[in-house]
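Q: Please read through the structure below; I'll follow up with questions.
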Amino acid sequence: MLSDVLGLTPEEADTYRTLVSVASATPAELAELVGGNPLLVVRILGRLEGQGLAARSVGDTTRFVASPPAAVLRALLVQRQNELNLAELEVDSLDEIYRAATLGRGVAEVVDVIHGAEAIRERVGHIQLGARKEIMNFVKAPFFSPGNMTDGAVIERGVRYRVLLERAMLDGGTPSFDEIAQARAAGEEVRVTGTLPLKLFIVDRELAIVPLLGSASAAKAGALLVHESSLLDALIALFESEWERATQFVTSAGALQNPPAIDDLDAQILSLSLTGLTDQAIATQLRTSLRTVQRRLRHLMDTVKVRNRMQLGFHAARLGWLETEQTGRGPG
């Protein structure tokens, strides 16, 4: 059932079921319990850890513990349901385009094609400057405009600006923590998620630009400019769904709701840790040492009296530490 519903392989499902049944286990102990190859079990544990289904024991990092099934599996089920809902929206949007074409209304009235990387950047800049209410942005490498996450003048006019970053970009250091902090200080709302299905730029819920990735040549780059339609409605629904389950980006202790007695660096480490970054990636982003990151995380866990980082994440979510952003800045 786990493999069918949650997309786990049979080996991953068996290993997780076994890990749930014990307090903790080393890869060798698990291999003996499931009757598998120890090297294969090591790889499976790595995948389960990446999916949030397993974590290393705080007291002994050579041992693994299962994440609480009720919390983790329910979140995965909700995600699957969201994906099915989005698939239904896509079917509706395709049906809208089909019906428009059969009724004599050209698809060009719904979607325009933009050719070339420079033309894409120019069009994004143009519609961004014309925004009146809100900009919604999925950020995957490469940037539309490297080094510039948003236009401060747009936010100053009262336009709400929401950016969802793919975690791999933080792993690579682009954008840097300082760049995101500056954008946050200017009024931008930033969240981080594991993966994003596409690059997306929506303005005022009236226009969207969807870059078409995959070409190695910038000259052959292209994008779709989507006008008001069921297709645009589906893209907006996709953004809202991904936004709701993403992790907020916090730059100071003062931005936390009901936090423990921690300083800004603790808050930054907590925020980046909850996005799923490795300790080394966090240390690189914050220009500190790996030892400092690990020591501070241990202090946070001791402060709130939890045993591991998974419990720390559940504790932070339950108390709503990161639920700090306003519902909107601009009109409408």
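Q: Could you check how many residues of the range 21-70 are open to solvent by 70 Å² or more (accessible area, probe 1.4 Å), β-branched (Val, Ile, Thr) and within 17 Å of ARG309 (Cα to Cα)?
A: 2
Q: Only one of (1) hydrophobic (A, V, I, L, M, F, W, C); (2) assigned to a loop (DSSP other than H, G, I, E, B); (3) within 19 Å of SER67 (Cα to Cα) fails for LEU297. Which number is that?
A: Of (1) hydrophobic (A, V, I, L, M, F, W, C); (2) assigned to a loop (DSSP other than H, G, I, E, B); (3) within 19 Å of SER67 (Cα to Cα), only one is false for LEU297: (2).
Q: List pairs: first residue in the range 290-302 and without any contact (Cβ under 8 Å) to a residue 12 or more places away in the chain, second residue assigned to a helix (DSSP H, G or I) anywhere in the structure, Cβ distance under 6 angstrom, at least six positions apart or on different chains.
A: Here the result reads LEU290/ASP279; LEU290/GLN280; LEU290/ALA283, each pair linking the range 290-302 to a residue that is assigned to a helix (DSSP H, G or I).
Q: Determine, yes or no, whether ASP95 is of a type in the set (Asp, Glu) and at pLDDT below 85.
A: So ASP95 passes the test.
Q: Do we find that LEU73 is modelled with pLDDT of 80 or more and either on the phi > 0 side of the Ramachandran plot or in a helix (DSSP H, G or I) (or both) in this structure? Can you show your working first?
A: Numbers: modelled with pLDDT of 80 or more: no; either on the phi > 0 side of the Ramachandran plot or in a helix (DSSP H, G or I) (or both): yes.
Taking the combined requirement at face value, the residue does not satisfy it.
Q: Taking the range 158-186 as the region of interest, how many residues are in contact with a Ser or Thr (Cβ under 9 Å, 6 or more places away or on another chain), open to solvent by less than 30 Å² (accessible area, probe 1.4 Å) and outside any strand (DSSP E or B)?
A: Residues in the range 158-186 being in contact with a Ser or Thr (Cβ under 9 Å, 6 or more places away or on another chain), open to solvent by less than 30 Å² (accessible area, probe 1.4 Å) and outside any strand (DSSP E or B): 5 in total.
Q: Tell me, yes or no, whether the range 56-68 has at least one residue that is modelled with pLDDT of 85 or more, basic (Lys, Arg), over 28 Å from ASP302 (Cβ atoms) and touching a helix residue (DSSP H, G or I) at 6+ places or on another chain (Cβ under 8 Å).
A: Scanning the range 56-68 turns up no residue that is modelled with pLDDT of 85 or more, basic (Lys, Arg), over 28 Å from ASP302 (Cβ atoms) and touching a helix residue (DSSP H, G or I) at 6+ places or on another chain (Cβ under 8 Å).
Q: If you scan the range 256-280, which residues turn out to be in a helix (DSSP H, G or I), crowded, with 20+ Cβ neighbours inside 10 Å and out of contact with any Lys or Arg (no Cβ under 7 Å at 6 or more places or on another chain)?
A: Let us first name the residues in the range 256-280 that are in a helix (DSSP H, G or I), namely 264-274, 279-280.
Now narrow it down to the ones that are crowded, with 20+ Cβ neighbours inside 10 Å: 267-274.
Those that are in a helix (DSSP H, G or I), crowded, with 20+ Cβ neighbours inside 10 Å and out of contact with any Lys or Arg (no Cβ under 7 Å at 6 or more places or on another chain): ALA267, GLN268, LEU270, SER271, LEU272, LEU274.
Q: Only one residue in GLU242, GLU228 is assigned to a loop (DSSP other than H, G, I, E, B) and either open to solvent by 50 Å² or more (accessible area, probe 1.4 Å) or modelled with pLDDT of 90 or more (or both), so which one is that? Lay out the reasoning, then the answer.
A: On the way: GLU242 fails: assigned to a loop (DSSP other than H, G, I, E, B).
Exactly one of GLU242, GLU228 is assigned to a loop (DSSP other than H, G, I, E, B) and either open to solvent by 50 Å² or more (accessible area, probe 1.4 Å) or modelled with pLDDT of 90 or more (or both), namely GLU228.
Q: Let me ask something additional. For residues that are open to solvent by 50 Å² or more (accessible area, probe 1.4 Å) and not small (Gly, Ala, Ser), scanning just the range 209-223, find the one that is modelled with the highest pLDDT. Can you show your working first?
A: Of the range 209-223, the ones open to solvent by 50 Å² or more (accessible area, probe 1.4 Å) are 212-216, 218-220.
Still in the running and not small (Gly, Ala, Ser): 212-213, 220.
Working: LEU212: 81, LEU213: 64, LYS220: 63.
So, considering only residues that are open to solvent by 50 Å² or more (accessible area, probe 1.4 Å) and not small (Gly, Ala, Ser), the one modelled with the highest pLDDT is LEU212.
The values are calculated or read from the model by the stated rules, or taken from the named source; none is laboratory data. None of these values were measured; they are calculated from a predicted model. Backbone-built Cβ (ideal geometry, glycine too); neighbour counts: all protein chains shown. These area figures cover heavy atoms from the full protein model, side chains too; ligands, DNA and RNA do not enter into them. Shrake-Rupley method; radii C 1.70, N 1.55, O 1.52, S 1.80 Å.
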